Amino acid sequence: MKGISMIVSVASGKGGTGKTSVAVNMALSVGNVQFLDCDVEEPNAHLLLHPNLHKTEPVYTLVPLVNEKLCDYCGDCSKFCQYNALFTSSEKVLVFPELCHSCGGCALVCPKKAINYEKHRIGALKFGSAGDLKLVYGELEIGKPMAVPVIKAVKKQIEEGKNMILDSPPGTSCPFIETVRGSDFCVLVTEPTPFGLHDLKITVQVLRNMIIPFGVVINRAGVGDKKVYDYCREENIRILLEIPYQRRIAELYSRGVPFSLEMLEWNEKFRTLYGEIRKFVGK
Amino acid sequence: MKQLTILSGKGGTGKTTITASFAVLAKNAVVADCDVDAPDLHMLLHPEVIEMQEFRGSKVAVIDKTKCIECGLCREKCNFGAITSDLKFDAFACEGCGVCTIVCPVNAITLTERISGSSYISKTKYGFMTHAMLHPGESNSGKLVTLVRQNAKILAEKENSDLIIIDGSPGIGCPVIASITGVDAGLVVTEPTLSGIHDLERALQLLNHFNVTPFVCVNMYDINTDNTNKILSFCKENRIEVVGIIPFNPQVTEAMVNGTTIAEYSPESNVTEEIKEMWRKMCLSLKSGGS
């Protein structure tokens, strides 16, 4: 990834801790940002950024298309497929596109060269802008199980020379991993509650395994308990920023207003936060 | 036996708070925590594990460097970018498809099953609970959700339970789909924010796609009453029953910090009252509903 200035992803483990809010407010404070909303199951950043959308592109996966004229129903493809996306009976090969990971293996093992690939639509990419900020977000189609190919499609849009900010989906499994892979730094947003801490700990394990540097933003500081502070101290995790619980912030969010636009002191705080990350990453 | 899934689309709207209170109110139910990559329900219900199973959900390619001739074919054919230029295997990117094993001319690569998590059958003071923990960073959460639901079903049949209460994960992708297929009702917990509304609509579309009867609960409704009214009229237009309108109350977080449910922590609170009323409505609907 030549020429990319810095990739910062914002993640959390637990949902609803304020990932999107932190990512958007940081993006608005920094400038020259390309914002990639990788929460393709429930993308929300556009509800805070109110972009002008100028383009939509479909996202496809490639799934097997069996040429029945060549196929002799030997079943090698179904046997090979680890995802049960193919089923061979005595006179038909059934393909289940929702289960296919597009590995290409079935075509490789087919002795009759009877398998080609066709496009299967699973979502869309949306392109927009708000001021000098460029937004790309993905939208998984309803009923499609696999978010990862849509996340990959979003990440392909990374532009050179931009400050990259990636908003991750909640959880700690494949969609989160796909989002943070390749990041220079990951901002973990948590809340000081037992649920927030529990899910933070899982996320920290994953990031340490992936060798991605990270720091924590404590949102809704003041609610709950102090255990997240103890945990960060014991684990030597830097707390980058605390955002207090304030009804005003919650109300602004509910109306789709990034709070740093109304509470201007936060603009500077988010800029400082980003500056610290930049210093740490050294880009 | 009926099955009810609590879901939300957007995370952090209060699924687990409500599921836990339902578990307390239910007389004869099995509870299944199907948020397997960030499960939280156990922190409120304190299950005692009766049985643990290893979950082998996926495979990963392993290379025998002593056999490898560094031809690079595996890297060329891998569609997941899981093999680096110095032919190292990235277990986080590997999806266990097996293509590398068949293209390798010297059979240096094998697929190995990996233990991707654990699943549990437990007892709480309110009844039985099934749950799981996906190992950090593992994939295939959908399969593990299915296992947790199977365990719940077996238990419910054995114990003559009349209901399985399923706590779902946020989103609308594979683990959520696995937790709603074939259930009798889906209760979507939302909040009156623009994101909450957006995600509610997608969650409702998902329920519709899989023919699951939808119900809605607006949590923390007083954060923005205009948005709450929007949700209510949207539901009315689409003939979706709103079974609960719950006020914001800091006691919900206090209960969580104390490791208990709001129904027990503050039985007289306005939140508990509303959850009880919601539970009554859900029971009625589940009884009268077909299937």
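The values are calculated or read from the model by the stated rules, or taken from the named source; none is laboratory data. Predicted, not measured: the structure shown is a model, and the values here were computed from it. Note that we place each Cβ from the backbone using ideal geometry, even for glycine, and neighbour counts take in every protein chain shown.
Suppose we keep only residues that are of a type in the set (D, E, K, R) and touching a strand residue (DSSP E or B) at 6+ places or on another chain (Cβ under 6 Å) within the range B:88-123. Which one would you say is farthest from B:S139 (Cα to Cα)?
By that ranking, first place goes to B:K123.
Looking at the range A:219-257, which of its residues are within 14 Å of another protein chain (Cβ to nearest Cβ), aliphatic (A, V, I, L, M) and outside any helix (DSSP H, G or I)?
A:A221, A:V223, A:V257 - these are the residues of the range A:219-257 that are within 14 Å of another protein chain (Cβ to nearest Cβ), aliphatic (A, V, I, L, M) and outside any helix (DSSP H, G or I).
For the range B:111-121, enumerate the residues that are surrounded by fewer than 20 Cβ atoms within 10 Å (Cβ to Cβ) and either away from chain A (no Cβ under 13 Å) or not in a strand (DSSP E or B) (or both).
Within the range B:111-121, B:I115, B:S118 qualify.
Can you tell me which residue is nearest to A:P192 (Cα to Cα) among those in the range A:235-259 that are among the hydroxyl-bearing types (S, T, Y) and under 23 Å from the mean Cα position of the chain (by Cα)? First the steps, then the outcome.
Step one: list which residues in the range A:235-259 are among the hydroxyl-bearing types (S, T, Y), which gives A:245, A:253-254.
If we keep only those that are under 23 Å from the mean Cα position of the chain (by Cα) as well, we get A:253-254.
On the way: A:Y253: 19, A:S254: 21 Å.
Here the residue is A:Y253.
Select from the range A:102-121 the residues that are within 26 Å of the chain's Cα centre (by Cα) and within 10 Å of chain B (Cβ to nearest Cβ) and write down the one among them that is surrounded by the most Cβ atoms within 10 Å (Cβ to Cβ).
A:C103
Look at B:E277 and say whether it is in contact (Cβ under 8 Å) with a residue 24 or more places away in the chain and of a type outside the set (V, I, T).
When the stated conditions are applied, B:E277 passes them.
Is at least one residue of the range B:181-199 among the charged types (D, E, K, R), facing chain A (nearest Cβ under 10 Å) and touching a strand residue (DSSP E or B) at 6+ places or on another chain (Cβ under 8 Å)?
yes
For the range B:1-26, give me each residue that is at the interface with another protein chain (Cβ under 9 Å from one of its Cβ atoms) and either without any contact (Cβ under 8 Å) to a residue 40 or more places away in the chain or of a type in the set (G, A, S) (or both).
B:S8, B:G9, B:G11, B:G12, B:G14, listed by residue number.
Exactly one of these conditions fails for A:T203: (1) assigned to a strand (DSSP E or B); (2) buried (at least 24 other Cβ atoms within 10 Å of the Cβ); (3) polar (S, T, N, Q). Give me its number.
Single failed check for A:T203: (1).
Are there any pairs with C-beta distances below 6 angstrom linking a residue in the range B:27-51 that is charged (D, E, K, R) to a residue that is part of a strand (DSSP E or B) and surrounded by fewer than 23 Cβ atoms within 10 Å (Cβ to Cβ), with the two at least 6 apart or on different chains, and if so which?
B:E48/B:S122; B:E48/B:K123; B:E51/B:I121
Which residues, counting only those in the range B:134-175, are facing chain A (nearest Cβ under 9 Å) and not in a loop (DSSP other than H, G, I, E, B)?
Passing the criteria: B:L134, B:S141, B:G142, B:C174, B:P175.
Against the conditions (1) on the phi < 0 side of the Ramachandran plot; (2) in contact with an Asp or Glu (Cβ under 9 Å, 6 or more places away or on another chain); (3) not assigned by TED's automatic domain parsing to the domain that holds B:E157, where does B:N107 fall short? Just the number, please.
The number of the failed condition is (1).
Has the range B:33-53 got any residue that is in contact with a Gly (Cβ under 6 Å, 6 or more places away or on another chain) and farther than 29 Å from A:K14 by Cα?
No, every residue in the range B:33-53 fails to be in contact with a Gly (Cβ under 6 Å, 6 or more places away or on another chain) and farther than 29 Å from A:K14 by Cα.
Return the total of residues in the range B:63-83 being exposed (fewer than 14 other Cβ atoms within 10 Å of the Cβ) and either part of a loop (DSSP other than H, G, I, E, B) or of a type in the set (F, W, Y) (or both).
Of the residues in the range B:63-83, 8 are exposed (fewer than 14 other Cβ atoms within 10 Å of the Cβ) and either part of a loop (DSSP other than H, G, I, E, B) or of a type in the set (F, W, Y) (or both).
Need the failing condition index for B:N224 against (1) within 19 Å of B:A26 (Cα to Cα); (2) within 14 Å of chain A (Cβ to nearest Cβ); (3) free of Cβ contacts under 8 Å to residues at least 40 places away in the same chain; (4) of a type outside the set (K, R), just the number.
For B:N224, the exception is condition (1).
Of all residues in the range A:258-268, which are in contact (Cβ under 8 Å) with a residue 40 or more places away in the chain and either within 10 Å of another protein chain (Cβ to nearest Cβ) or assigned to a helix (DSSP H, G or I) (or both)? So that I can check it myself, show each step before the final result.
Just the residues of the range A:258-268 that are in contact (Cβ under 8 Å) with a residue 40 or more places away in the chain, to begin with: A:258-261, A:266-268.
Residues satisfying the conditions are A:F259, A:S260, A:L261, A:W266, A:N267, A:E268.
For B:L87, all conditions in the list (1) in contact with a Gly (Cβ under 8 Å, 6 or more places away or on another chain); (2) in a loop (DSSP other than H, G, I, E, B); (3) closer than 30 Å to B:G127 by Cβ; (4) more than 13 Å from every other protein chain (Cβ to nearest Cβ) hold save one; what is the number of the exception?
All conditions are met except number (3).
What number of residues in the range B:1-28 are within 21 Å of B:P250 (Cβ to Cβ) and outside any helix (DSSP H, G or I)?
Looking only at that region, the number is 6.
If you scan the range B:148-192, which residues turn out to be of a type in the set (V, I, T) and in contact (Cβ under 8 Å) with a residue 60 or more places away in the chain?
Filtering the range B:148-192 for residues of a type in the set (V, I, T) gives B:148, B:154, B:164-166, B:172, B:176-177, B:180-181, B:183, B:188-190.
Those that are of a type in the set (V, I, T) and in contact (Cβ under 8 Å) with a residue 60 or more places away in the chain: B:V148, B:I164, B:I165, B:I166, B:I172, B:V176, B:I180, B:V183, B:V188, B:V189, B:T190.
Being within 33 Å of the chain's Cα centre (by Cα) and either at pLDDT below 95 or crowded, with 18+ Cβ neighbours inside 10 Å (or both) is the filter here; which residues of the range A:83-95 pass it?
Answer for the range A:83-95, where residues must be within 33 Å of the chain's Cα centre (by Cα) and either at pLDDT below 95 or crowded, with 18+ Cβ neighbours inside 10 Å (or both): A:Y83, A:N84, A:A85, A:L86, A:V95.
Please list, ordered by residue number, the strands (runs of 3 or more DSSP E) wholly in the range A:27-102 having 3 or more residues that are without any contact (Cβ under 8 Å) to a residue 24 or more places away in the chain.
Answer list for the range A:27-102: A:86-88.
Here are some residues: A:V281, A:V228, A:V189. Which one is under 19 Å from A:T172 (Cβ atoms) and under 23 Å from the mean Cα position of the chain (by Cα)?
Details: A:V281 fails: under 19 Å from A:T172 (Cβ atoms); A:V228 fails: under 23 Å from the mean Cα position of the chain (by Cα).
The match here is A:V189.
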